[in-house]
Amino acid sequence: MPCAIRLRALADPERPVLDDDTACAVAELALRVEALEGKPQSLTWVRTPGGALRLLLTRPMILANLLPHDALDEAELPPPLAAGGVTASPGIACGPVHVVRTWDDARNFPVGGVLVAARDLYQWIALLDRAAAVITEEGILSGRLGSLAREFGKPAVFGLPGATRKLAAQDKVTVYGDGGLIFSGCVDSLLAVARPPRDFMPGSPVYRTLQHAGEHILPLTLDPDSADFKAANCRTYHDIARYCHEKAVGSMFTFGSHQKHAPEHVKQLRDGVLKQFWVVNLDDGFDGPVKGPVVDVSRIASLPMRYVWQGMNAYPWQGPPPVDGKGFLSVLFEATANPHLDPAAQTAYFSEKNYFLVARDYCSLHSRFGFHFVSVESRLGERTSENYVVFQLRGGAANIERRILRVRFVADILWECGFAPVVRNDAVAARVEGMDMRDGAHFLEVAGYMTIHTRQLDMIMADPAQVEAHRAAMLEHCRTLITTPPPPVEVGAPSFPVVGSAATDPTSGVS
C-alpha cells in the first residue's frame, strides 16, 4: 500500500506524532489566532528545543458555504451516493470517477476527472491542475491537499469511508463540496449554481512568465556519456547543474587518487570477499582509522550505507533474465549504433568504479551495472525533518522503448513502496522524505534492493509474462523488506549475512 510506512505514525497509538502537552499548546494557539482573526485558520508552527511554540504562518481556512442560501433547495436533490463527508474545499463539480491507488493510476489521470483516493497524500497535489474535484476516505483539513484544493477552488470532500469502493463503478459523479455530498451522474440543478474554479495558469500573466522562464531552466539537453558533454554546450540551468554535478563527482575521485592522503579516505569494500565498490570517507563514515586499502563493512559507521548494503544483499540476484530474440537483437543494434556501449572501447561504462560517499548520517552511492547508471542518496539521523532518500536510474543496453518501459516498471514498484517517482524518458528519480530512522531504514533497504535487481530488465520489457513474473517477485521482496524490522546496525559487529553466490552477486569481485 503506497506510503504505508509514513502513515504508521498516524495510525499507531504507541507512536503519537505529538505528546499531550504539545497537542494542547497547539490547540490553545490555534484558538487564540482564530479569535484574533475572526475565522478558522490554518497554522504553520514550530516548537523550539526549549519547548516554546513559534507561529510561522497563518491563513484563513475557506470553509464557509459559497452559495447563497436561497440559490439551492437541497430537498429537491436526488438521493446521494455518499453523504456525511467533511467539506475540505467548497464548490460544485462533475466529472468521470478516477480512483487513484498506484503511480500508474496517477500517471493516467484524465483532465476533468474526479480524484478518488483512500487518503489525502501529498502526491495527489500534482493532479490538482487536472482534477475537477477531490474525494478521500481519510484526510485532514489542514493538510497540503486540502489547502491547495481551497487555493485552486477545487471542490473537495474528505472523510467518506468506502468511497474508493462505492464510487469505482460510477461513470460520472457530482461533488457538492459545501454539503459533503456525492451524487451519481451530473446534477444539473447543482451545476447551474456552481461557480467556476479559479484558473491561475493557462493564459494568465503568471503562467506566461513561468513558461518563458521554464524554457531556460527545465530542459536537460546534455548527455554525460556524449563527447559533447562540455560547459560550452550548456543551454539551460538544468544543463549547468548536471554538468557541475558530474564534473564535481569526477574531480573528487580524480583528486583523491592523486593525493598522498587518499589511502586514508578511499578504501575498497570487503564483505567476506572483496567487492567492486569503493568507499570514500567524507568525515566520520568509518568507526576510526582503517589501515590498508580495504575496509570491512563492519567498520562502516554510516547508517544509510549499512542499510543500503543490506538491501543490496537481502535477496540473491538470479543473473540476467532469459532474453527473447528481439531483446538480444535490440542490444546488438544499440551497441553497434552507440560507441559508448561497445565493451571493446573500454568507455566509462566499464572503467568507472562504484563508489559510496559516506559520513555517519549520509550516504551517496554512484554505481554502474552493465549499461545503466544507479544512484542512491540519503540522509538518515535523529532529525526527522531532514531525513530523505533519493533513488535514480537511467540508461540501459536495449532500445529506447524498452528502457522507457523499464523505468515505468521501476517507478510503479517504488510507488507501491512509498516513494514519489518522476519519470522523464528513460530515467526515473524517486524521493521520500521526513521519515524517522526506523522507516528510513526500510526505504534504504528497498533502494538497495532495486539497485541490484533492476539489472538488464530493459531487455525483457516486451515479454508480458516475464514482466509480470518479475513484478510479482520484486513486489513481494520489497513488501517483506518494508514489513520486517531491520536488524540493528552495530558498528564493529559482523556484517549482515550476504545471500547469493559469487556467480549471482553483482557486488562481488567476480565480473
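Charges were assigned to the Cβ only: +1 to each Lys and Arg, -1 to each Asp and Glu. The resulting dipole of the range 76-191 about its Cα centre is roughly 240 debye. Return the subset of 39/166; 230/291; 247/275 for which the Cα-Cα distance in this structure is over 30 Å, preserving the input order. Beyond 30 Å: 39/166; 230/291. Rounded if a/c is under 1.5, else prolate if a/b beats b/c, else oblate: with a ≥ b ≥ c from the C-alpha gyration tensor eigenvalues square-rooted, which is the range 76-191? Judged from the Cα gyration tensor, the range 76-191 comes out rounded (a/c under 1.5). Ordering 227-240, 145-158 by mean Cβ neighbour count within 10 Å, with the highest value first, yields 145-158, 227-240. Taking amide H as placed 1.01 Å from N in the peptide plane, the amide H of residue 229 sits under 5 Å from none that are at least 5 places away or on another chain.
Just so you know, all these numbers are worked out from the coordinates, no wet-lab data involved. These figures come from a predicted structure and were not determined experimentally. FYI the Cβ positions are ideal-geometry reconstructions off the backbone, even for glycines, and counts take in every protein chain you see.
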